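Colleague: Sharing a structure here in structure tokens format.
The values are calculated or read from the model by the stated rules, or taken from the named source; none is laboratory data. Keep in mind the model is a prediction, meaning the values are calculated, not measured. Ideal geometry is used to build each Cβ from the backbone, glycine not excepted, and the neighbour counts take in all protein chains shown. Keep in mind that these areas ignore ligands, DNA and RNA; they rest on the heavy atoms of the full protein, side chains included. Shrake-Rupley method; radii C 1.70, N 1.55, O 1.52, S 1.80 Å.
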Amino acid sequence: MQKDLFVYNTLSRTKEKFEPLAAPFVGLYVCGPTVYGDAHLGHARPAITFDLLFRWLKHLEYKVRYVRNITDVGHLENDADEGEDKIAKKARLDQLEPMEVVQYFSDRYHENMESLNVLKPSIEPRASGHIIEQQLMIEKIDQAGFAYTVDGSVYFDVEKYNRDHAYGKLSGRNIEDLQSNTRELEGQDEKRNPFDFALWKKARPEHIMRWPSKWSDGFPGWHLECSAMSTKYLGEQFDIHGGGMDLLFPHHESEIAQSTAANGTESVKYWMHNNMITINGQKMGKSLGNFITLEEFFTGSHKTLEKAYSPMTVRFFILQAHYRSTVDFSNEALQASEKGFQRLMNGVQALEKIKAGEVSTIDVKAFEDKCYAAMNDDLNSPILISHLFDMVRQINSMADGKEQINQTDLDQLKKLFHTFVFDVLGLRDEAKQDSGNEKTAELIELLLRLRIEAKANKDWSTCDKIRDSLKELGILVKDTKDGCEWEILS
RNA sequence: GGUCGGUUGGCCGAGUGGCUAGGCACCGGUCUGCAAAACCGGCUACGGCGGUUCGACUCCGCCACCGACCUCCA
């Protein structure tokens, strides 16, 4: 009934049937954030995309080990020799210990992820905690003959690797093109070829993040941490590696080369990449300076934002586009998502109040099949959401007495709706959360009872006064056939 | 310049060789003391030019435009 999951594999550029290397176990590795600044909307995309995958795999009863790293070393600011470590740079500016910066932004990241209802990964390793593993991997690569050392720095010999392996297979490049297209950067003279990349870099005297090694006091190269940590926690071969499309080249390409060189085998079976979030049609990114942090979305404090957008609005907005499409940010789009999300939540609440009848005019089984089909088709969350909206309409019709449902179907529908809305899409009803205060709820109920009395007496002015006053407090009153409902507006 | 991807209605965003999602906005109707909500209905598009086909938004070719990557980037 659940059919098979198909995922788009960047390696083959096609959707492939997902078959774990060792079912029911699934190993999933995703490139996490570099913690030297607040997370922005772009960071929410892979987090939510792979959260969706994680949730779906678990729903399909796979036993998933989800590893998402935190990058807290490496990643040079400019180029290999002239640049300084991003973390170190930020630390010097703020007069903080590098690890203090890392801790601060890691905590902020975790808070953002919690707000977005992103599940914690099974393991969240830090690059700085795996220096030894990275050094050991360099040695393996060196022993295999794919590394060379120049003045305390170790480089990966791409040309040699390419003789027996296809460097560029993931990103669709070939070494000749790279030869002619790689920019001439300063201080690259240590490398045999411009496309070679560092495995270990000797630290200059002022470089404060450094570790001792047999080659030099230095730090590991950009791409190494993911290879080392994925190997450590998921094995030399594992199922899925995810990340943003912008990491495809050179990061993931180099990961493949490193792992293959070190272990002798191809490491990843399925490569999955989420697309970018754009703003005014351009990628939102740190380097372009056009990013809006998640915190700013939640508080509405960025000048581009017309208002604050709740975490669930942001999550829903992202889920309404397929993960492999770009999604363009705009206030209009966010507000459409906000309204839509509210409609969905209202539907969930309406469903709770439906009373079963004798017969069903609703096809619950067809609904179920369509939902599974959507998710199994490369996590097509927008299609899933469209089916949920179709069902919301039917739920509302039931509430209006225009459609009917029997007890068996009703139970099943409630279960399905709950599963897909909350467990799979990972949404949560924020209004419900806000009204968590029982006293508040009781007070509102009291006022509404008074209003119903006034209404019975056709005392419209009292009636409207209560409704209007509540609205000013952010509480929306909706009359129904036999009474009224209320909800807290965000 | 190279590689890859995109161009869908007022906006966002799916998708398929013929039956052409969904949300938001807008318009009309039902309901309602009024409003809101809800329901019903309307609005209904696939960048341009050729080609394949009984039939293309969907396949192919060319062109235009946009973007990503080629440097850290989610």
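Colleague: Find the residue count for the stretch A:442-478, including only residues that are under 22 Å from A:Arg343 (Cα atoms), in contact with a strand residue (DSSP E or B) (Cβ under 8 Å, 6 or more places away or on another chain) and open to solvent by 60 Å² or more (accessible area, probe 1.4 Å).
Modeller: 3
Colleague: Further, regarding this structure: Among the candidates A:Arg343, A:Arg324, single out the residue that is touching a helix residue (DSSP H, G or I) at 6+ places or on another chain (Cβ under 9 Å), within 8 Å of RNA strand B (Cβ to nearest atom), in a loop (DSSP other than H, G, I, E, B) and more than 22 Å from A:Gly37 (Cβ to Cβ). Reasoning before the result, please.
Modeller: Working: A:Arg343 fails: in a loop (DSSP other than H, G, I, E, B).
The unique qualifying residue is A:Arg324.
Colleague: Return the pair list, or none, for Cβ contacts closer than 7 Å from residues in the stretch A:390-419 that are closer than 14 Å to A:Ala350 by Cα to residues that are open to solvent by 20 Å² or more (accessible area, probe 1.4 Å) and away from RNA strand B (no atom under 16 Å from the Cβ), at least 6 apart or on different chains.
Modeller: A:Gln404/A:Gly357; A:Gln404/A:Val359; A:Gln404/A:Ser360; A:Ile405/A:Ala356; A:Ile405/A:Gly357; A:Ile405/A:Ser360; A:Leu410/A:Ala356
Colleague: Ok, one more. Checking A:Val421 against (1) crowded, with 20+ Cβ neighbours inside 10 Å; (2) over 21 Å from A:Gln342 (Cβ atoms), which single condition isn't satisfied?
Modeller: All conditions are met except number (2).
Colleague: In the stretch A:356-375, what residues are touching a helix residue (DSSP H, G or I) at 6+ places or on another chain (Cβ under 6 Å) and either surrounded by fewer than 15 Cβ atoms within 10 Å (Cβ to Cβ) or assigned to a loop (DSSP other than H, G, I, E, B) (or both)? Steps first, please.
Modeller: Keep residues of the stretch A:356-375 that are touching a helix residue (DSSP H, G or I) at 6+ places or on another chain (Cβ under 6 Å), which gives A:356, A:360, A:362, A:364, A:367-368, A:370-371, A:374-375.
Of everything in the stretch A:356-375, those that are touching a helix residue (DSSP H, G or I) at 6+ places or on another chain (Cβ under 6 Å) and either surrounded by fewer than 15 Cβ atoms within 10 Å (Cβ to Cβ) or assigned to a loop (DSSP other than H, G, I, E, B) (or both) turn out to be A:Ala356, A:Ser360, A:Ile362.
Colleague: Here's a check for you: in the stretch A:265-307, which residue that is within 7 Å of RNA strand B (Cβ to nearest atom) and small (Gly, Ala, Ser) is farthest from A:Asn380 (Cα to Cα)?
Modeller: The qualifying residue farthest from A:Asn380 (Cα to Cα) is A:Ser287.
Colleague: So, of the residues in the stretch A:227-251 that are over 18 Å from the mean Cα position of the chain (by Cα) and within 16 Å of RNA strand B (Cβ to nearest atom), which turns out to be surrounded by the fewest Cβ atoms within 10 Å (Cβ to Cβ)?
Modeller: My answer is A:Phe249.
Colleague: So in the stretch A:346-364, with the set limited to residues that are within 11 Å of A:Asn396 (Cα to Cα) and not charged (D, E, K, R), which one is nearest to RNA strand B (Cβ to nearest atom)?
Modeller: A:Asn346
Colleague: Select the helices (runs of 4 or more DSSP H) contained entirely in the stretch A:106-184, then report the ones holding at least 2 residues which are open to solvent by 40 Å² or more (accessible area, probe 1.4 Å), not polar (S, T, N, Q) and not assigned by TED's automatic domain parsing to the domain that holds A:Leu52.
Modeller: none
Colleague: Pick from A:Ala22, A:Ala47: which is within 21 Å of A:Val67 (Cα to Cα) and either open to solvent by 10 Å² or more (accessible area, probe 1.4 Å) or not assigned by TED's automatic domain parsing to the domain that holds A:Gly242 (or both)? Show your work before the answer.
Modeller: Values: A:Ala47 fails: either open to solvent by 10 Å² or more (accessible area, probe 1.4 Å) or not assigned by TED's automatic domain parsing to the domain that holds A:Gly242 (or both).
None of the others qualify; the one that does is A:Ala22.
Colleague: Only one of these conditions is not met by A:Tyr270: (1) assigned by TED's automatic domain parsing to the domain that holds A:Leu234; (2) open to solvent by 20 Å² or more (accessible area, probe 1.4 Å); (3) modelled with pLDDT of 95 or more. Which number is it?
Modeller: (2)
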